[in-house]
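Here is the structure we will look at, set down as structure tokens.
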Amino acid sequence: MRRGTTPTIRVTTSIDISGFSRIVVTLKGDAEVDIEKDRLTFDGDNAKRFWFTLTQRETIDLGPVAEVQIRVVSAEGMARASDIGKLRFGRILKRGVLHA
């Protein structure tokens, strides 16, 4: 993945999280980006898999390395959190968002 691009991040969890009332994927590097449930696309055949796409601005602002964690909460208030992982973003020479 490179900064300034729009990568699709694919995630596989150990449990089905699609039914939780709130899901937040937090990426934290030079900036913090929260991806809410409405930006996630779940795999129809396997609810343990989902994906989301980052914007150019998000990948630029996150910097070269970002930690990532998934947090969920049920309607009853039961909360869970994943282990913290890392994403790496390669450099780009010209910083900034490209417009069509």
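Would you pick out the residues in the range 27-50 that are under 19 Å from Phe89 (Cβ atoms), part of a strand (DSSP E or B) and in contact with a Phe, Trp or Tyr (Cβ under 6 Å, 6 or more places away or on another chain)? First the steps, then the outcome.
Residues of the range 27-50 under 19 Å from Phe89 (Cβ atoms): 27-35, 39.
From what is left, the residues that are part of a strand (DSSP E or B) are 27-28, 32-35.
Passing the criteria: only Ile35.
Right, Ile23: more than 15 Å from Met1 (Cα to Cα), free of Cβ contacts under 8 Å to residues at least 24 places away in the same chain and crowded, with 16+ Cβ neighbours inside 10 Å or not? Criteria not met by Ile23.
Residue-wise test of (1) at pLDDT below 95; (2) of a type in the set (Val, Ile, Thr); (3) outside any strand (DSSP E or B); (4) more than 14 Å from the chain's Cα centre (by Cα).
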site: Asp16; (1), (2), (3), (4): yes, no, yes, yes
site: Val25; (1), (2), (3), (4): no, yes, no, no
site: Phe52; (1), (2), (3), (4): no, no, no, no
site: Gly77; (1), (2), (3), (4): no, no, yes, yes
site: Arg80; (1), (2), (3), (4): no, no, no, yes
site: Asp83; (1), (2), (3), (4): no, no, yes, no
site: Leu87; (1), (2), (3), (4): no, no, no, no
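Arg10 falls short on exactly one of the conditions (1) part of a strand (DSSP E or B); (2) modelled with pLDDT under 95, and that condition is (2). Taking the range 58-100 as the range and being surrounded by fewer than 10 Cβ atoms within 10 Å (Cβ to Cβ), more than 16 Å from Asp16 (Cα to Cα) and of a type in the set (A, V, I, L, M) as the test, the residues that pass are Leu93, Leu98, Ala100. Applying the criterion of being modelled with pLDDT of 95 or more and among the small types (Gly, Ala, Ser) to the residues of the range 27-50, the residue that is surrounded by the fewest Cβ atoms within 10 Å (Cβ to Cβ) is Ala31. When you look at Thr55, is it of a type in the set (S, T, N, Q) and buried (at least 17 other Cβ atoms within 10 Å of the Cβ), yes or no? When the stated conditions are applied, Thr55 does not pass them.
The values are calculated or read from the model by the stated rules, or taken from the named source; none is laboratory data. Here the structure is a predicted model, which means the values were calculated and not measured. In this analysis, Cβ positions are derived from the backbone assuming ideal geometry, glycine residues included, and neighbour counts consider all displayed protein chains.
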